[in-house]
1. At a Förster distance of 45 Å, what's the computed FRET efficiency of Gln230 paired with Asn187, Cβ-Cβ distance as r, to 0.05?
2. Between Rg and the Kirkwood Rh of segment 107-232, both from Cα atoms, what is the Rg to Rh ratio?
3. Is the shape of segment 182-271 best called rounded, prolate or oblate, per the rule: a/c under 1.5 gives rounded, else a/b larger than b/c gives prolate, else oblate, with a ≥ b ≥ c the square roots of the Cα gyration tensor eigenvalues?
4. So which of Lys154/Lys283; Lys213/Lys239; Lys95/Lys283; Lys239/Lys283; Lys112/Lys279; Lys209/Lys279 end up more than 23 Å apart, counting from Cα to Cα?
5. Using protein chains only and a probe of 1.4 angstrom, how many square angstrom of Lys209 are accessible, to the nearest 10?
6. Answer rounded, prolate or oblate for segment 82-157, using the Cα gyration tensor with square roots of eigenvalues a ≥ b ≥ c: rounded when a/c is under 1.5, else prolate when a/b is larger than b/c, else oblate.
7. His77 versus Lys112, label points 7 Å from Cα toward the beta carbon: distance in nm?
8. Given the whole protein assembly as supplied and a 1.4 Å probe, what does the accessible area of Arg179 come to in Å², nearest 10?
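The values are calculated or read from the model by the stated rules, or taken from the named source; none is laboratory data. For clarity, every value in this text was computed on a predicted model and none was experimentally measured. For neighbour counting, all protein chains shown are included, and Cβ atoms are generated from backbone atoms with ideal geometry for every residue, glycine included. Only protein heavy atoms, including side chains, enter the accessible area calculation; ligands, DNA and RNA are left aside. Shrake-Rupley method; radii C 1.70, N 1.55, O 1.52, S 1.80 Å.
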Amino acid sequence: MLVESRFFTVVIICQILTVLTESNIDNKEQKCNRDPENGKKCGCAATNRVNSKENKNMQNPSDKYRPIETVGHRQTHVENMVKVEGGKFAMGTNKPILVADGEGPARTIKLKPFYLDRHEVSNADFDSFVKDTGHTTEAETFGDSFVLENLISKKELEKIQQAVAAAPWWLPVKKADWRHPEGPDSNIENRHDHPVIHVSWNDAVAYCKWANKRLPTEAEWEYACRGNLQDRLYPWGNKETPKDVHYMNVWQGKFPEKNKKLDGYLATAPVTEFPAQTKNGLKNMVGNVWEWTADWWDINHTPTEKINPTGPPTGTDKVKKGGSYMCTKVTNTIMNQVYIHM
């Protein structure tokens with residue numbers, strides 16, 4: 001059985017979600033989500049480094065994703081993981097909400113059992129990894145990352161001379177990274193239990209290797225997120241707030257002008273916040289931050305049955321799932337898929 005980790009970023013809002021199979025356990029943009037309610041795209045695919053000077057030497061766009069190596073030698077602990085029993089399910093839907101995101105058609109998938117992190121990788125988790133390995137994230141190497149304008153201080157805003165044409169609310173902030181989510185004058189002092197952000201796919205894979213885990217495939221992610229339910233918008237059903245209870249951290253209001261914070265949060269929420277979204281105890285599978293998967297981005301699916309699919313063999317971008325705090329109830333669905341240039 002396989003063990004998987006859940007990772008994300010902000011600006012490139014994704015989470016690391018690790019997976020582990022039993023055999024690995026030590027017993028000792030392009031396309032982007034469009035919000036049908038206000039017609040605006042989140043702009044997540046617009047924040048890319050493909051044309052930046054740091055990437056000029058790349059022979060192929062996919063070179064920015066390093067090959068996945070074998071897992072590390074740390075003892076794997078599954079206390080904070082959920083065992084997802086293998087089985088068969090219908091992946092995708094024949095009634096897609098976001099057709100361009102490749103939500104259809106429905107296709108039968110068979111999977112082996114695996115373990116999945118109960119919640120996203122937190123700042124505290126990532127800090128342990130960095131202290132143990134000395135890892136430097138790609139955002140730190142580049143020297144900047146994108147931040148939602150609403151979250152940037154006035155001092156830092158005055159320094160910014162450019163924006164993303166397709167998504168002007170995304171601004172490049174110097175020295176924004178996982179320790180400084182909104183820029184150099186911010187910190188994570190009171191956010192150790194929040195999901196780590198500003199992590200690339202390569203950063204996520206490095207963490208997984210250290211933890212003796214791996215990223216889930218897109219099929220594994222969706223299977224776990226469904227929680228044995230079929231034809232439902234959310235892991236818990238079709239109602240966003242059943243019995244007026246909030247199950248996810250999403251944008252409530254007109255994006256990006258105002259977030260009403262009806263769920264209690266303007267940006268990220270603690271990884272353990274809100275009730276479990278699935279019957280087996282998984283939290284924040286949808287909402288809060290995007291989650292990295294192992295698969296290459298692909299929207300050309302067929303209804304042919306597949307067994308333990310791992311996506312196309314090559315590509316230019318990796319798939320993220322689940323939406324973030326910047327998405328609405330419409331775009332934060334089980335099938336939601338997006339790719340983002342890193």
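1. The value I calculate is 0.55.
2. 1.05
3. On the way: a/c = 2.28, a/b = 1.07, b/c = 2.13.
Cα axes put segment 182-271 in the oblate bin.
4. In this structure, Lys154/Lys283; Lys213/Lys239; Lys95/Lys283; Lys209/Lys279 lie more than 23 Å apart at Cα.
5. Spelled out: Lys209, probe radius 1.4 Å, area about 80 Å².
6. Judged from the Cα gyration tensor, segment 82-157 comes out oblate (a/c at least 1.5, b/c at or above a/b).
7. The answer from the label model is 2.6 nm.
8. Rounded to the nearest 10, that gives 90 Å².
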